[in-house]
Structure formats: C-alpha cells, structure tokens
Amino acid sequence: MTVAISDRMQHIPFSGIRKIFEEIILREKRGEPVIHLEIGRPDFDTPLNIKREAQRALEEGLVHYTSNYGLLELREAVAHKFLHDNGLKYSPDNEIIITVGANEAVFMAMMALLNPGDQVLVPSPCWTHYYQCARFCGATPIPVPLKRENRFIPRASDFKPYLGPKTKMLVINTPHNPTGAVFERSALEELADFVKANDLLALSDEIYEKLIYNGKEHVSFASLDGMWDRTITINGMSKIYAMTGWRLGYVAAPKAITEAMIKIHQYTTVCAATFAQYGGIEALKNGRQAGQEMTREFDRRRQLVTKRLRAMPGIELVEPNGAFYVLPYIGGLGMDSNAFTKFLLDRAGVAVVPGDAFGGFAENTFRLSYANSFEKLEDAMDRMEQALQKLGVSK
Ligand code: PLP
C-alpha cells in the first residue's frame, strides 16, 4: 500500500545536520575514532542541585499534569528572571508559557501568528528550525543574508530588498547559531525601527543569552522602544544549565498571543514534564553560579579554537562573541563546505557541520562547536592543522 503523506510534509526536508550525524555513526561503528565538534549541546552534566529537585519531585509523587501554562512557581521564576535580567515585565498568570524546549516555543509562536502565504524574514545562515516551522504553517521563510563583512550583525538595509506585502514576521536570534555573533544594541534598535515602520512582529530566540564573552551585552528585543507589544521572546534551560535532554523552555508574549499559543500547547504536548519543571525552578533560582562556571570554561575553549584556527592556512574567522560556535570561512581552500567537512572527517577524524546545513549564505564555511573538552579541542586543532599542512596551502 502506498501511504499518501500530507502535502505539507512534502515541503519539510529531513534535517541537514542529521546527514553528517549518520555518517559519523557509521564511522564509529567501524571503529574509527571521531572528535565531535559538530554537536549543538553542552558537554557538561546538569548541575546536581537541579537534578536533585527533579528527583525530589518524583519521590514526593509530583507526577501528574501541571497547568497548561506550566507550574505557577516556575512561571513566577521566569517572570522574575525577565524583569531582573532583561528589563521585561511579563505576568506569570497569562503572558508566560513553559514549553517542551525552545523548539516547541518557536513552533507555537509561528502556528499562532502565521497564515498560509505569509512571509517570515530569517537572517541566514541560521538554525533552520525557523524555516521548517514557518513551512508547517504554510508560510514562506525568506532567508536574508548575514554578511561576514558586517561580522554577521544584521542591518535594516539587509532586510529591505526582501520585504513584501505578505511579510509578517522577522526572526532574531542573538547570541547567534551558527555564527556566534552577538547583535549589539545599536543594530537591534535599527531593526526595531524597521519592524515598527513595516508593522511586523518579531520572534526573538534568546536561548544562548548567558553564553556571552568579551564583555558583550545581551539585549532583549522586546525591551526596545515599542517592541514589547510586537515581540515573542523565547528562551530555555537547555544551553546554559546543560539540560538539553530535559526538554524545558519558555515563551513570553502579550496576553492575546499567549492565549493563541496555549491552545497549540493544549492539543499537542499539554505541559512540559512535571519533574523537569521542578528542576527548572531550581535552575532559575539557584543555577546562576553553575551557569557562570560553564560559561567561563566555554570562553577558555573559544579562545583556544579561535587562536588556533586563525593560525591555520586557508581559514578566516570573524571573532565569535556568544553561544559555543564559530563559523570559519574556507574560500581560499578550493573546497566547498561539504567537501571540506568530508575532508576533515577523512583526514583528521574531526566532525564539524557544513555551512550549507544552515539555510543559505554560508557557502565555503563550516560550523565548529567548542562544546567539547579543552583536551579534545587541542587534539582536534592539532589534527586539523596537520591535515591542512598536507594540502600544501600556505598562510
Ligand atoms: N534555538 C536555537 C538558536 C538553537 O540553536 C537551539 C538548539 O540547538 C534551540 C533553540 C533549541 O533549544 P531547546 O533545546 O530548548 O529546544
């Protein structure tokens, strides 16, 4: 029997990053060692106090559904965080929803706001989840180039050529995956004026908010003049508290938007796992120090890889200031991003992600994640250097 898959699914590709994962799995099965610099998750364990709270919840029988919005105590902790860290006032009663990761939050925001035919401006390269969620809604994602010459910081003038009568939303992700860029206040203010002038909505994904270096400042888009009403702010526990597997995130928006989003949550996931939510309360209340320690270690690794990559022939770099990624440019090597990724895997046993997996405007680049141990990163840098030297390219 041939199953008729929905038309909607015909437009959703299998994740590009997964292809490289499958290749890596095959090699490891053959016993070939691989250093994993393709990963988009912290290598640390979740801090013990957070685990203990989840364990306590289980032991005390706190095992049932919570409110669709999430535990009130967790929403209150999120509201407190928004106020103190971001200067944003959201009511825990009806302007915050606890989600199954930021992934679900992006899906809910787009489902609640986009009609078929609407267009969404997405600075690219990007985490392509935005593209696929827009497509689920029948909307069209429009990639807008993030330029290397602008250090991957978007300017309003970059968006203007892509604006049309059906443009409804603009996506902002800072600190940024895959470039590591941190969008500075002046650039965000310029985008806020653009959003206002064109009567758009903004989806601001701030999941890497705390992973920020070089004294850079994280600015929440909703805190800018006139943006609170127009912005859906998304964040979560995955990256800063090393909790990717807990599937815990949150979304905040004006009541009219959360009222639409909560219906999607109600009919799909109902609520985030209850014991995970108890861990989330502990993370927000007492996880700051552990988060800062992990960030310091990420920064040490960032400095190592940027220094080493800069010294390698054929590799150019824009300094990353946030998240745990760097997107080096390899235009001088005469290999496209897929060929280079394969070359690194074959000749150095190092896994990275080809720039092509990030939705456009990342030709001749690769994403390297430094969410691996300092020792492994040193080893990977040595292997890469040797492999490149054998190519005979000079600096
Ligand atoms: N937003 C960005 C920009 C990401 O890179 C990722 C994961 O890689 C997520 C959100 C996913 O977050 P979560 O684990 O909370 O679903």
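Treating cross-link reach as a plain straight distance, find the lysines whose alpha-carbon is under 27 Å from the alpha-carbon of residue 166, omitting any fewer than eight places away in the same chain.
147, 196, 255, 263
With +1 on the Cβ of every Lys and Arg and -1 on the Cβ of every Asp and Glu, and nothing else charged, how large is the dipole of the chain about its Cα centre, in debye rounded to the nearest 20? If you can, show how the numbers build up before the last one.
Details: 46 positive and 47 negative charges, 117 e Å.
Approximately 560 debye in magnitude.
What's the longest uninterrupted piece of the chain once you rule out the chymotrypsin sites (Phe, Trp or Tyr not before Pro) that are loop residues per DSSP with at most 11 other Cβ within 10 Å?
Working: sites that count: 14, 65.
By the stated rule (loop sites, at most 11 other Cβ atoms within 10 Å), 66-395.
Going 7 Å from the Cα of residue 184 toward and past its Cβ, which residues in region 203-243 have a backbone nitrogen under 12 Å from where you end up?
Those under the cut-off are 216-217.
Measuring with a 1.4 Å probe in the full set of protein chains, what accessible area per residue, in whole Å², belongs to the chain? If you can, show how the numbers build up before the last one.
Details: 16880 Å² over 395 residues.
Normalised by residue count, the accessible surface of the chain is 43 Å².
With a cap of 13 neighbouring Cβ atoms within 10 Å, and only residues DSSP puts in a loop, list the GluC sites (Glu not before Pro) found in region 151-259. Show your work: numbers first, answer last.
Details: sites: 184, 189, 190, 206, 209, 217, 259; in loops: 184, 206, 209, 217.
Answer by residue number: 217.
Between residue 1 and residue 293, 0.36 nm times their residue separation minus their Cα-Cα distance comes to what? Mind showing how you got there, number by number?
Working: separation 292, 0.36 × 292 = 105.12 nm, distance 5.53 nm.
Length gained, residue 1 through residue 293: 99.6 nm.
Computing the accessible area with a 1.4 Å probe over protein heavy atoms, can you report the carbon and sulfur percentage for region 170-313?
Numbers: 2390 of 5050 Å².
Whole-percent figure for carbon plus sulfur exposure: 47.
Which of 286, 364, 338 moves most in a GNM of the chain, Cα contacts under 10 Å?
Judging by the Gaussian network model, the answer is 286.
Counting alpha carbon pairs within less than 8 Å and at least 6 residues apart, what relative contact order, in whole percent, applies to the chain? Intermediate values should be presented prior to the final figure.
On the way: 768 pairs, mean separation 90.8, N = 395.
For the chain, the relative contact order is 23 percent.
Residues of region 256-292 with the amide nitrogen closer than 17 Å to a label point 7 Å from the Cα of residue 12, along Cα-to-Cβ, please.
264-270
So which helices of the chain fit the span-like rule, where a helix is a whole DSSP H run, its Cα atoms reach 15 Å or more along the axis, and its mean Kyte-Doolittle is at least 1.0?
Taking the DSSP H segments of the chain (at least 15 Å long, mean hydropathy at least 1.0), we get 101-113.
Of the candidates 55, 289, 119, which one comes out as most mobile in a Gaussian network treatment of the chain with C-alpha springs shorter than 10 Å?
289
Rounded to the nearest 0.05, what FRET efficiency is calculated for residue 390 and residue 23 with R0 set to 30 Å and r the Cβ-Cβ distance?
On the way: r = 21 Å, r/R0 = 0.72.
Efficiency at R0 = 30 Å is approximately 0.90.
Working out 0.36 nm times the residue gap between residue 160 and residue 266, then minus their Cα-Cα distance, what length gain in nm do you get to one decimal?
Working: separation 106, 0.36 × 106 = 38.16 nm, distance 3.70 nm.
Full extension of this stretch gives 34.5 nm more.
Under a Cβ-only charge scheme (Lys and Arg +1, Asp and Glu -1), can you give me the dipole magnitude of region 174-257 about the Cα centre, in debye to the nearest 20?
Values: 8 positive and 11 negative charges, 87 e Å.
Here the size comes out at about 420 debye.
Between 116, 13, 313, find the one with the highest GNM mean-square fluctuation for the chain; connect C-alpha pairs within less than 10 Å.
Highest fluctuation of the listed residues: 13.
The values are calculated or read from the model by the stated rules, or taken from the named source; none is laboratory data. As the structure is a computational prediction, the values presented were derived from the model and not from experiment. Because the Cβ atoms are built from the backbone with ideal geometry, glycine has one as well, and the counts that use them run over all protein chains shown. Accessible surface areas use protein heavy atoms only, side chains included; no ligands, DNA or RNA. Shrake-Rupley method; radii C 1.70, N 1.55, O 1.52, S 1.80 Å.
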